[in-house]
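Following: one structure in structure tokens, then a few remarks.
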Amino acid sequence: MDFAKIISETTEEIFNCMIFIDIAAQSPLESGKQVLACHVSAMIGLTGDLTAMLGIHCPENVGLAISGAMLGMELEEVDADVKDALGEISNMLAGGIKERVSSENINLDLAIPTAVAGTSYTISAPKGSQRVVVPFTIEQGQFFVEIKYQLN
């Protein structure tokens, strides 16, 4: 299963149709333990035929730009509105991925999204998980969409 392609297509579709920001997908990062210098992340769990955590990770200025575009307002700080908007984006991304993988007879259920913000946090996944990270670029900078998964 080509999760990098699925993430790229789903993210581009959501940003073009729902958020109205032009984005450019970059090549997926090599698998490993990259440190993403981000200040706000929203994640959602997926269960069923695979167990996964999908996340969108943004530097502060990028998170503000994405959330502001989605909400149609100027945002100046990472607050509950920003976290809620990014949480909803993670939910839309997970829904799009769920729809795409269902054509391969993979059934998934979505959890409730959550968001964190700060200058020093680590997001981990169960040992043995596969990891795919796709960077995207917008005018304000770069953000990342990541999936950590295990097939059940």
> If you check 89, 66, 56, 138, which single one turns out to be crowded, with 18+ Cβ neighbours inside 10 Å, touching a helix residue (DSSP H, G or I) at 6+ places or on another chain (Cβ under 6 Å) and either of a type in the set (A, V, I, L, M, F, W, C) or in contact (Cβ under 8 Å) with a residue 60 or more places away in the chain (or both)?
Replying inline: 56
> Taking into account only those residues within region 18-50 that are under 13 Å from the mean Cα position of the chain (by Cα) and of a type in the set (A, V, I, L, M, F, W, C), which is farthest from residue 114 (Cα to Cα)?
Replying inline: 25
> in contact with a Pro (Cβ under 8 Å, 6 or more places away or on another chain), modelled with pLDDT of 95 or more, among the aromatic types (Phe, Trp, Tyr) and closer than 27 Å to residue 24 by Cβ - does that describe any residue in region 124-143?
Replying inline: yes
> Considering region 109-135 alone, what residues qualify as being crowded, with 19+ Cβ neighbours inside 10 Å and not β-branched (Val, Ile, Thr)?
Replying inline: 113, 115, 117
> Quick one: which of 3, 15 is within 13 Å of residue 132 (Cβ to Cβ), under 16 Å from the mean Cα position of the chain (by Cα) and of a type in the set (Phe, Trp, Tyr)?
Replying inline: 3
>> Looking only at region 69-86, how many residues end up being crowded, with 17+ Cβ neighbours inside 10 Å and either part of a helix (DSSP H, G or I) or of a type in the set (S, T, N, Q) (or both)?
In response: 6
> What about residue 42, is it under 19 Å from residue 140 (Cα atoms) and without any contact (Cβ under 8 Å) to a residue 40 or more places away in the chain?
Replying inline: no
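The values are calculated or read from the model by the stated rules, or taken from the named source; none is laboratory data. Nothing here was measured: the structure is a model prediction, and the numbers come from that model. Quick reminder, even Gly has a Cβ in these numbers, built from the backbone with ideal geometry, and neighbours come from all protein chains shown.
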